[in-house]
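The values are calculated or read from the model by the stated rules, or taken from the named source; none is laboratory data. Because the structure is predicted, anything quoted here is derived from the model rather than measured. No Cβ is skipped: glycine too gets one built from the backbone with ideal geometry, and neighbour counts run over all protein chains shown.
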Ligand code: PMV
């Protein structure tokens, strides 16, 4: 890790000698309420703006990491070995090479309980669990900011998944070139009534990865400056509404921020769109339910066509009824109800290996 002058995530100099036989860790995924879209440094994944997320409870990734002799790394995701030509293999290889002890290779086994690569942030929990398992394997004993920075090097949104507790995570953009001030921290507010439901549209791999899509957006869109200014305002509004527990204010700012991000992508050249016809139909359905029946739920979407709704527990029944009353929109894939505050149960599912 000393080989590259910019690979810095702690003030300590870390050793490359493993302290243990293996490192095991879990991380919960997250969904951004105020989005990260755009990098000020693509190697270190330093963002143009700060962002804010809410965890996905027990949906996330478990990772077991070991060192081995041989000639190359082995990465198993959900029981399937990645091939060297896979982009996911190359990305993991680049990341793990920063930490590789001379002459040794990594054996990584990860199980996702979130669908892989579907805009449901499996890379967030994936790289957060990997950062924590590196810490466990080498025995570095990193503090929370360092774990968050370490996860950030793998995937920006992973910085918000490397925290020890479920809840709201604020990732500060920071201003240092080495990224030491760019990490996530938990907000001191809990809001156990807040819940997610994912309305699946399509879980197949995305057409363009978020890294390339961000690059394309900021290289070509005439509106990128407006986005950067807007996010700072949206973030303050979101934090204020969390402090005052104003659900409508939080839902509105979250929804508009997501639409602004997707609108911005459409102004890139060529335009980028992750949304599908069915996504638009669900959005129209929700707007109608909200205006005609006062249904209290708000939308967000990431780099994929699936819709996530934020709602309060007391409205779950109304929402479930509304969804059930429209089988043509929701019959193919069932909604996924998620409690963001559920703590991960840390049973190591790899004991059989
Ligand atoms: O961390 P990445 O590179 O997968 O980017 C995540 C981008 C969004 O999910 C669209 C927004 C966010 O803040 O999570």
Failed item, numbered, when residue 218 is tested on (1) surrounded by 21 or more Cβ atoms within 10 Å (Cβ to Cβ); (2) within 15 Å of the ligand (Cβ to nearest atom); (3) over 19 Å from residue 341 (Cα atoms): (1)
Test set (1) within 16 Å of the ligand (Cβ to nearest atom); (2) on the phi > 0 side of the Ramachandran plot - residue 245 fails condition number: (1)
Every residue from the stretch 229-256 that is out of contact with any helix residue (DSSP H, G or I) (no Cβ under 9 Å at 6 or more places or on another chain) and buried (at least 17 other Cβ atoms within 10 Å of the Cβ): 239, 255
Residue list for the stretch 152-185, filter: touching a residue at least 40 places away in the same chain (Cβ under 8 Å), more than 16 Å from the ligand (Cβ to nearest atom) and in contact with a helix residue (DSSP H, G or I) (Cβ under 8 Å, 6 or more places away or on another chain): 180
Checking residue 182 against (1) surrounded by fewer than 24 Cβ atoms within 10 Å (Cβ to Cβ); (2) assigned to a loop (DSSP other than H, G, I, E, B), the condition it does not meet: (1)
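In the stretch 46-81, what count of residues is obtained for those that are under 30 Å from residue 264 (Cα atoms) and at pLDDT 95 or above? Spell out how you get there, then give the answer.
Keep residues of the stretch 46-81 that are under 30 Å from residue 264 (Cα atoms), which gives 46-57, 59-60.
Adding the requirement that they be at pLDDT 95 or above leaves 46-55.
The qualifying residues number 10.
Is there a residue being away from the ligand (no atom under 16 Å from the Cβ), free of Cβ contacts under 8 Å to residues at least 24 places away in the same chain and farther than 15 Å from residue 149 by Cα anywhere in the stretch 72-80? Spell out the reasoning first.
Filtering the stretch 72-80 for residues away from the ligand (no atom under 16 Å from the Cβ) gives 72-76, 78-80.
From the residues that got through so far, the ones that are free of Cβ contacts under 8 Å to residues at least 24 places away in the same chain too are 80.
From the residues that got through so far, the ones that are farther than 15 Å from residue 149 by Cα too are 80.
Yes, some residue in the stretch 72-80 is away from the ligand (no atom under 16 Å from the Cβ), free of Cβ contacts under 8 Å to residues at least 24 places away in the same chain and farther than 15 Å from residue 149 by Cα.
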Residue list for the stretch 1-43, restricted to those being buried (at least 22 other Cβ atoms within 10 Å of the Cβ), modelled with pLDDT under 95 and part of a loop (DSSP other than H, G, I, E, B): 9
Selection count where residues are touching a helix residue (DSSP H, G or I) at 6+ places or on another chain (Cβ under 7 Å) and more than 9 Å from the ligand (Cβ to nearest atom), scope the stretch 43-62: 7
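Here is a yes/no grid of residues against (1) more than 20 Å from residue 56 (Cα to Cα); (2) in contact with a helix residue (DSSP H, G or I) (Cβ under 8 Å, 6 or more places away or on another chain):
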{"position": "100", "(1), (2)": "yes, no"}
{"position": "128", "(1), (2)": "no, yes"}
{"position": "131", "(1), (2)": "no, yes"}
{"position": "146", "(1), (2)": "yes, no"}
{"position": "150", "(1), (2)": "yes, yes"}
Members of the stretch 285-298 that are more than 22 Å from residue 34 (Cα to Cα) and part of a helix (DSSP H, G or I): 285, 288, 289, 291, 292, 293
